[in-house]
Amino acid sequence: MAVTPMADEPAADQPAPAEDTSSAKKGAGRWLAIVPLGLFVVLAGVAMVQLTGPKPEPAGFTSPIRPAPKIAAPALEGQPVDFATLKGPVIVNFWATWCTPCKAEHPVLMQFASQGVPIIGVQHMDESDKANPQASMDKARTMLAQDGNPFQHALTDPDGEVSLAFGITGVPESFLIDANGTIVKTLRGPLVGNDASDFLAAWKAQSAQAGKTERPREG
């Protein structure tokens, strides 16, 4: 009877063959390459939503279409104005003596006034102004005397209550109040360029609805 010879068994002290880790390393490398790409896609999606989605309004911002606040403002010159009884169409402009964008929009306000657009100016005060409101008001009067006064009523806000009632977040800001005493348009920023054109067109539309015509401002 023939006996099939058996294969030689490895010696007890012969080391086992090393495992092939090249495939595992390649797989891990692929994952390391994919993770940054996936993270980029996620971040790009978030950025797109933020750019195209509705912009959150600052805290305390109320609807741009709303009744004018029931508050009166003292005058820099002339008589105080009670916004609760104010009938437009009229533009209410918040400005400050230290505000650079306010200086940029001032010539536009002068042009509006020359076209018969009634503008009420409210001097906004920061904390340094409130520390010496009389000096701040004197500075505002001097600036209007030197640069021209586009305001039908020049008002001031020494305690900040008027700014708070309108819900402004900075200066300049402008509001269009219609013939019913409703704020129908708001601009946060200077009245320049296309924004100025849009605001003037909105005032003209409100004037037409109210049956008014533009009249050159007297004086």
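The table below gives the values:
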read-out	value
Whole-Å distance, taken between Cα centres, linking segment 137-154 and segment 171-215	21
Two-decimal Rg to Rh for segment 121-219 - Kirkwood Rh, Cα set	0.99
Stretchable slack from I71 to D159, in nm (0.36 nm times residue separation minus alpha-carbon distance)	30.4 nm
Highest-first arrangement of 127-139, 167-179, where packing means the average Cβ count within 10 Å	167-179, 127-139
P(r), alpha carbons of segment 149-192 - 10 Å bins starting at zero, rounded %	23, 55, 22
Total charge dipole magnitude, segment 66-209, about the Cα centre, Cβ charges on Lys, Arg, Asp, Glu only, Debye to nearest 20	340
Other-chain or far-sequence residues with amide H under 5 Å of K185's (modelled H)	L176
Order by protection proxy (mean Cβ within 10 Å, highest first), peptides 145-158, 84-97	84-97, 145-158
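All of the numbers you see were taken from the coordinates with simple rules; none came from a lab. The shown structure was predicted, so the numbers you read here are calculated from the model rather than taken from an experiment. All Cβ positions, even for glycine, are placed from backbone atoms using ideal geometry, and neighbour counts span all protein chains on display.
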